[in-house]
Amino acid sequence: MATESCDYQLAADLAANCTVKPVKGIKSHGYIMNYDDIDFEATTRDPTNPNIVKALILKTGAKAYKMYVPGKSPYTGTKKSMVAGTYRNRFNKDVSVVILDNGPDVSHNIIDQLANGTFVVVLENKFAGADGKNTYEIYGLESGLTATALDDDKYSDDTEGGWLATLQEENAPTSGIFLFGESLSATRTALASLVSGS
């Protein structure tokens with residue numbers, strides 16, 4: 001049996017970026033897809049940084065779906081938190097989505113599916129970083145996002161009679177996974193192709 005040691009050592013300075021100042025928050029447009037529709041064999045990581053996905057590929061015939069949450073602070077409640085483990089620590093990643101709609105089609109096509117399915121979400125950070133690699137962040141790629149709460153409060157000012165969905169990826173091994181191809185524009189084009197299913 002081979003013995004292997006996993007040494008975790010810092011590899012960069014812990015310093016503020018004074019050239020490109022960070023901006024908090026997430027933009028209004030996002031993407032959601034079924035976890036089982038991801039072609040994990042064809043999806044590729046950056047060989048120099050496994051926290052960067054260079055190409056997110058769906059299986060033939062599968063597609064991603066657009067998400068849109070208006071307002072100054074869309075996806076409020078989206079966060080990542082470390083979970084202490086016995087041998088190594090992991091991360092829970094929460095995505096909060098407001099669905100400003102209701103009715104039989106929404107209940108059948110969206111809410112009932114969110115309640116029982118497993119998903120992957122791509123959100124666009126307001127802070128793109130100096131090279132754009134911070135822009136698109138993927139939630140659920142490692143162990144999938146599942147619903148932890150679905151609420152329809154008819155008198156809620158926040159949801160206007162629609163739904164608030166909270167999805168969580170439990171015990172993900174990495175703190176963050178980002179989508180970035182050859183360029184930011186190429187990454188945007190690739191995301192658009194996932195929605196069209198081409």
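Things to note:
- Contacts under 7 angstrom Cβ, first residue in the stretch 104-123 being at pLDDT 95 or above and surrounded by 18 or more Cβ atoms within 10 Å (Cβ to Cβ), partner part of a helix (DSSP H, G or I) and among the hydroxyl-bearing types (Ser, Thr, Tyr), 6 or more apart: Phe119/Tyr35; Val120/Tyr35
- The stretch 162-190, subset part of a strand (DSSP E or B) and of a type in the set (S, T, N, Q), residue farthest from Val83 (Cα to Cα): Thr166
- Out of Tyr87, Tyr136, sole residue that is hydroxyl-bearing (Ser, Thr, Tyr) and either within 30 Å of Asn17 (Cα to Cα) or touching a helix residue (DSSP H, G or I) at 6+ places or on another chain (Cβ under 6 Å) (or both): Tyr136
- Flag if Ala64 is surrounded by 12 or more Cβ atoms within 10 Å (Cβ to Cβ) and either hydroxyl-bearing (Ser, Thr, Tyr) or touching a residue at least 60 places away in the same chain (Cβ under 8 Å) (or both): yes
- Residue within the stretch 31-40 that is out of contact with any Pro (no Cβ under 9 Å at 6 or more places or on another chain) and over 24 Å from Ile110 (Cβ atoms) present: yes
- One residue alone among Lys72, Lys63, Lys59 is within 14 Å of Val122 (Cα to Cα) and charged (D, E, K, R), and that residue is Lys63.
- Residue count for the stretch 139-164, restricted to those that are touching a helix residue (DSSP H, G or I) at 6+ places or on another chain (Cβ under 7 Å), closer than 24 Å to Pro70 by Cα and buried (at least 20 other Cβ atoms within 10 Å of the Cβ): 2
- Taken together, the criteria exclude Ala84 from residues that are loosely packed, with under 15 Cβ neighbours inside 10 Å, over 27 Å from Asn134 (Cβ atoms) and hydrophobic (A, V, I, L, M, F, W, C).
- Residue-level check: of (1) free of Cβ contacts under 8 Å to residues at least 60 places away in the same chain; (2) under 25 Å from Leu58 (Cα atoms), Asp94 misses just (1).
- Within the stretch 69-91, restricting attention to residues that are of a type in the set (Phe, Trp, Tyr) and modelled with pLDDT of 95 or more, the residue that is nearest to the chain's Cα centre (by Cα) is Tyr75.
- Test set (1) under 16 Å from the mean Cα position of the chain (by Cα); (2) over 16 Å from Val98 (Cα atoms) - Ser196 fails condition number: (1)
- Taking residues in the stretch 39-57 that are modelled with pLDDT of 95 or more, and partners anywhere that are part of a loop (DSSP other than H, G, I, E, B) and not aliphatic (A, V, I, L, M), the pairs with Cβ atoms closer than 6 Å and at least 6 places apart or on different chains are Asp39/Lys59; Asn51/Thr174; Ile52/Phe180; Lys54/Gly181; Leu56/Thr43; Ile57/Asp39; Ile57/Thr43.
- For Arg188, the conditions (1) more than 16 Å from Thr78 (Cα to Cα); (2) surrounded by 17 or more Cβ atoms within 10 Å (Cβ to Cβ) are fulfilled apart from (2).
- Residues that are surrounded by fewer than 10 Cβ atoms within 10 Å (Cβ to Cβ), under 26 Å from Pro74 (Cβ atoms) and more than 21 Å from the chain's Cα centre (by Cα), drawn from the stretch 17-52: Lys21
The values are calculated or read from the model by the stated rules, or taken from the named source; none is laboratory data. Just so it is clear, the structure is predicted and the values come from calculations on it, not from any experiment. Positions of Cβ are generated from backbone atoms using ideal geometry, with glycine treated the same way; all protein chains shown enter the neighbour counts.
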